[in-house]
Amino acid sequence: MNSSKHTELVNAAWSVAELLRGDYKQSEYGRVILPFTLLRRLECVLEPTREKVAAVAEKYKDQEDVDPDGFLRRAAGDLAFYNKSDLTLKKIAGDAGHAATNLKLYVSNFSENVREVLEAYEFTRHISRLEAANQLYNVLGVFTDLDLHPDSVPNHNMGYIFEELIRRWSEQSNETAGEHFTPREVIQLMVNLLIAPDGDALHLPGVVRRVMDPACGTGGMLSAAEEHIMALNEHAEVEVYGQELNAESWAICRSDLMIKGQEPGNVVFGNSFSNPAFKRKTFDYLLANPPFGVEWKKVKDEVEYEHNSLGEAGRFAAGLPRINDGSFLFLQHMISHMKPVDVDGKGGSRIAIVFNGSPLFTGAAGSGESEIRRWILENDWLEAIVALPDQLFYNTGISTYFWILTNRKSADHKGKVILLDARDQWVKMRKSLGDKRKELGDGKNGKPNHIADITRLYGEALDAAKDENHPQHGKVKVFANTDFGYQRITVERPLKLRFEVTEETLAALAAAKPVQKLEQSEEFVAAVRTLLGSSWGTKSDALVALKDAVVAAGLLWPAGAPFAKAVREAIGVRDADGEVQLVKGASEPDSELRDYENVPLGEDVEDYLKREVHPHVPNAWIDHSKTRVGYEIPFTRHFYVYKPPRPLAEIDADLKALETEIQGLLGEVTE
C-alpha cells in the first residue's frame, strides 16, 4: 500500500470533521471518527463470513442452554469478534428514516468485546446526537464509501491509518491531549533506548517477544515497540499487553488491536494497582508513561494490604511512596513482571518509564521512596537515567526523565548507572500544543536528528564517560550503584542547663501536670515562689533548695522520677556553660541541638565525625541506633556547571541604557 493511498484514506475519514464543525468541539471529533473507523474496518474484515455467522446466530438464538460464542467465532473465521446481524453501514444508510435505530441494532449484534469498546466511546449517545444534528446520514455516507477491506489495507497499514487519526485528534484537542497521548517522538526515543541493546537477539529466526504497558493510554508505546521489533525482524512474533484506567483511552487502544488483527483481550480496562490484569505473566519489555504526581488514595487499602500482608510475595514489599504520587508504584508493578534470568544468563527483561524529577530525590533515608530506590540499586537493576528537555509533553512543562532498568545487565554495565543529559536536545515547535513547545528533532524537514543522536550516545555511554576527547563527554557520567547511597547519621550534643526561679519558670512549674495533680498545688508553687530570683549551677543544688523551701512551708516533697523530671524541665534553662545532664551516667542529648548529616556509603561515620564535626563541636556524638541508609540520585547537581556573574560594569551599562530608553519613551508620551 503506497503512502498516497494511506493519506487518501486518512483524509477521507478525517473529512467527517467538517460535518461535525459547529455541533461538536474540536476536542470531540475523535469520539465520532475513531469508532466509525473501527466499525467500518470490522465490517470489512467480517464481510466474507457475514452470512455464515448470521446463519449460526439464527440456529442458536432460541437455545438458551447453549453459549454460541465459540460457534460464532469459528463461523467468523476464528476471529476474536463477530456480528450476528445481516445489516451493513450501506444498508443502514439506504434507510435514512430509520438510520439511528438500525445503527444501534447493528452495534448491539456485535460480540461483547466490540460492544464494550463502543460503549466506552459512548457510541449510542453520539448516534442520537448526530441524528439530532441531521448529520448521521452524511457521516454514514463517508464511511460507507471507505474501502478498508484487508485485501486493500493490510493490518499493519490499517494500524498506521488509525494511529494517524489519533495523532490528528491529539493535535486538535489541546485540552485533552495530555490525558491520552504521549508525543510520538518521545515514544520513539524511549523505545529505541529500551530495545536497541537487544538488536542482535531480535534478528534471530522465530523470535517471540511480549511487551506490556500498565498505563497504556491509547497504546502508542505498545504500537511503537511492536513496530521497532518488526523493523528489525519482520518474521518476529510480537504480543502486546496493556491496562488502562481511562475508559476512552482504553477503547482507543483496544480498537487499535482489533484493527491490526491482534488479540483485543490483551488490553484490559481497570486499575493496575488494585486489580492487576496479568498477575502470572512476565514480559520481555515493559514501558510506561504514568501520570505525574497523581495520588493513589482510592486504592490505598488494597496497596497497603499487599505491602503489609504479602511482603516479598507481593509487588510493594520495598516500600510505599507518599500518597500524593504513585509513580513508584507503577515501577514496582512493572518490576514484578520481569522475566527471571536463568543460570545461563538468558531470559530477563528491560523496563523504560517516564518520571518527573520527584522520584530522583524525594524522601529522606528510611522513607518509602528512599527504600524503593535502595531496593532497585542494591539489586543492580537501574541501567540509566536520561534527562529530557522541559516543555516536551502536552499537559506539563516540567522536566522529565527516562528510567531504564533491566535484570540482565551486560558485564561492563554491572554495578554501574549511566546518567545522560539530553536537556539541550530540542527544537522549538512552530505551534505550541498545550504545554508542549519543544520537540525532539527526527532528522526530517531540515531538523537535527536528536532521536538518533541520543540513541547513539546511549550506546556509547560508557566509552564517552571515560574518554575526555569524546565530543559528548560532558553529557554522560557513570557512577557505581553505591555512589547514590548515604548513611543518615544523627549527631547529638549534650543538654546543658542552669537552674533558676523566675516568673517564667514559675509559670512553667505551675502548668506542669505532675504539679497540677498535687492536692496542694497552689501552696506548692507559693512555697517555691519564695526563691524568686535565685539561681543554681547544678541540678542537685537546685533540688535541695526547692525541697527546703517546700518543707519549710509545711508541705511534703513528692517522690518519683516523673515529678523530679517535671521540676527540672520547668526551672532548667539551656546554657552553653551550664551543667551537662546525665541519664544513667551518660550525657543526655539536647533535642534542640540535634543535627543530621549524610555520610557516603563505605565511609566510617566516626571518622567523618572527627573530621567534619568535632573541630566545631568537640562534645558531639553519633546516636548509632538512629542511623539510616538512604539513596537519592541528584542528577542536576552532577551536571551543574558554574557560570560566573557578569561584570558589574557590564550590568551597570545595561541599566543605564534601559534608563535612557525609558526616559525617551516617557518623553514621547508627554509630548
It is to be established whether one or more residues within the range 525-546 are over 60 Å from the mean Cα position of the chain (by Cα) and of a type in the set (Phe, Trp, Tyr). no
Single residue of VAL45, VAL16 found to be within 19 Å of ALA133 (Cβ to Cβ) and surrounded by 19 or more Cβ atoms within 10 Å (Cβ to Cβ): VAL16
Residues that are farther than 20 Å from ILE252 by Cβ and open to solvent by 70 Å² or more (accessible area, probe 1.4 Å), drawn from the range 139-161: ASP145, ASP151
Cβ pairs under 7 Å, 6+ apart, first in the range 50-71 and aromatic (Phe, Trp, Tyr), second open to solvent by less than 100 Å² (accessible area, probe 1.4 Å) and not in a helix (DSSP H, G or I): TYR60/VAL66; TYR60/PRO68
Checked the range 299-314 for anything open to solvent by 20 Å² or more (accessible area, probe 1.4 Å) and either within 12 Å of the chain's Cα centre (by Cα) or in contact (Cβ under 8 Å) with a residue 24 or more places away in the chain (or both); matches are GLU302
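Yes/no matrix, rows are residues, columns are (1) within 19 Å of GLN516 (Cα to Cα); (2) loosely packed, with under 14 Cβ neighbours inside 10 Å; (3) modelled with pLDDT of 95 or more; (4) not aromatic (Phe, Trp, Tyr):
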{"position": "ARG529", "(1), (2), (3), (4)": "yes, no, yes, yes"}
{"position": "THR538", "(1), (2), (3), (4)": "no, yes, yes, yes"}
{"position": "VAL551", "(1), (2), (3), (4)": "yes, yes, yes, yes"}
{"position": "ALA564", "(1), (2), (3), (4)": "yes, no, no, yes"}
{"position": "GLY572", "(1), (2), (3), (4)": "yes, no, yes, yes"}
Flag if ALA545 is over 24 Å from VAL617 (Cα atoms) and either of a type in the set (Phe, Trp, Tyr) or at pLDDT 95 or above (or both): yes
Over the range 19-29, the set of residues modelled with pLDDT of 90 or more and either farther than 14 Å from VAL142 by Cβ or open to solvent by 70 Å² or more (accessible area, probe 1.4 Å) (or both) is ARG21, GLY22, ASP23, TYR24, LYS25, GLU28
Unmet requirement for LYS565, which otherwise passes all of (1) among the basic types (Lys, Arg); (2) part of a helix (DSSP H, G or I); (3) in contact (Cβ under 8 Å) with a residue 40 or more places away in the chain: (3)
Number of the condition not met by SER521 [criteria: (1) open to solvent by 40 Å² or more (accessible area, probe 1.4 Å); (2) free of Cβ contacts under 8 Å to residues at least 24 places away in the same chain]: (1)
Are there any pairs, at least 6 apart or on different chains, whose C-beta atoms fall under 6 Å, with the first in the range 363-374 and touching a residue at least 40 places away in the same chain (Cβ under 8 Å) and the second in a helix (DSSP H, G or I) and open to solvent by 10 Å² or more (accessible area, probe 1.4 Å), and if so, which? GLY363/GLU369
Specify the residue that is farthest from LYS260 (Cα to Cα); the eligible residues are those in the range 108-135 that are open to solvent by less than 10 Å² (accessible area, probe 1.4 Å) and hydrophobic (A, V, I, L, M, F, W, C). LEU130
Strands (runs of 3 or more DSSP E) contained in the range 202-290 and holding at least 3 residues open to solvent by 10 Å² or more (accessible area, probe 1.4 Å): 208-213, 237-244
Suppose the filter is within 42 Å of the chain's Cα centre (by Cα), modelled with pLDDT of 95 or more, within 24 Å of ARG574 (Cβ to Cβ) and of a type in the set (Phe, Trp, Tyr); does TYR596 pass it? yes
Considering only the range 416-433, state which residues are open to solvent by 30 Å² or more (accessible area, probe 1.4 Å) and either outside any strand (DSSP E or B) or touching a residue at least 60 places away in the same chain (Cβ under 8 Å) (or both). LYS416, ARG423, ASP424, GLN425, TRP426
Looking for something loosely packed, with under 13 Cβ neighbours inside 10 Å and modelled with pLDDT of 95 or more - is there at least one such residue anywhere in the range 487-505? yes
Single unsatisfied condition, ILE92 versus (1) open to solvent by less than 50 Å² (accessible area, probe 1.4 Å); (2) within 39 Å of the chain's Cα centre (by Cα); (3) β-branched (Val, Ile, Thr): (2)
Restricting the search to the range 63-89, which residues are basic (Lys, Arg) and either closer than 30 Å to ASN134 by Cα or open to solvent by less than 20 Å² (accessible area, probe 1.4 Å) (or both)? LYS84
When the range 315-337 is checked residue by residue, the ones that are open to solvent by less than 20 Å² (accessible area, probe 1.4 Å) and closer than 19 Å to PHE278 by Cβ are PHE316, GLY326, LEU329, LEU331, GLN332, HIS333, MET334, ILE335, HIS337
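Here is a yes/no grid of residues against (1) in a strand (DSSP E or B); (2) polar (S, T, N, Q); (3) crowded, with 16+ Cβ neighbours inside 10 Å:
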site	(1), (2), (3)
VAL343	no, no, no
ILE351	yes, no, yes
ALA364	no, no, no
GLU369	no, no, yes
ALA384	yes, no, yes
LEU392	no, no, yes
THR396	no, yes, yes
TRP403	yes, no, yes
LYS409	no, no, yes
Test for ARG594: is it under 30 Å from PHE361 (Cβ atoms), basic (Lys, Arg) and touching a residue at least 12 places away in the same chain (Cβ under 8 Å): yes
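The values are calculated or read from the model by the stated rules, or taken from the named source; none is laboratory data. From a predicted model like this one, the values you see are computed outputs, not experimental measurements. Cβ coordinates were reconstructed from backbone atoms using ideal geometry, including for glycine residues, and neighbour counts include every protein chain displayed. Note: areas computed on protein heavy atoms with side chains; ligands, DNA, RNA excluded. Shrake-Rupley method; radii C 1.70, N 1.55, O 1.52, S 1.80 Å.
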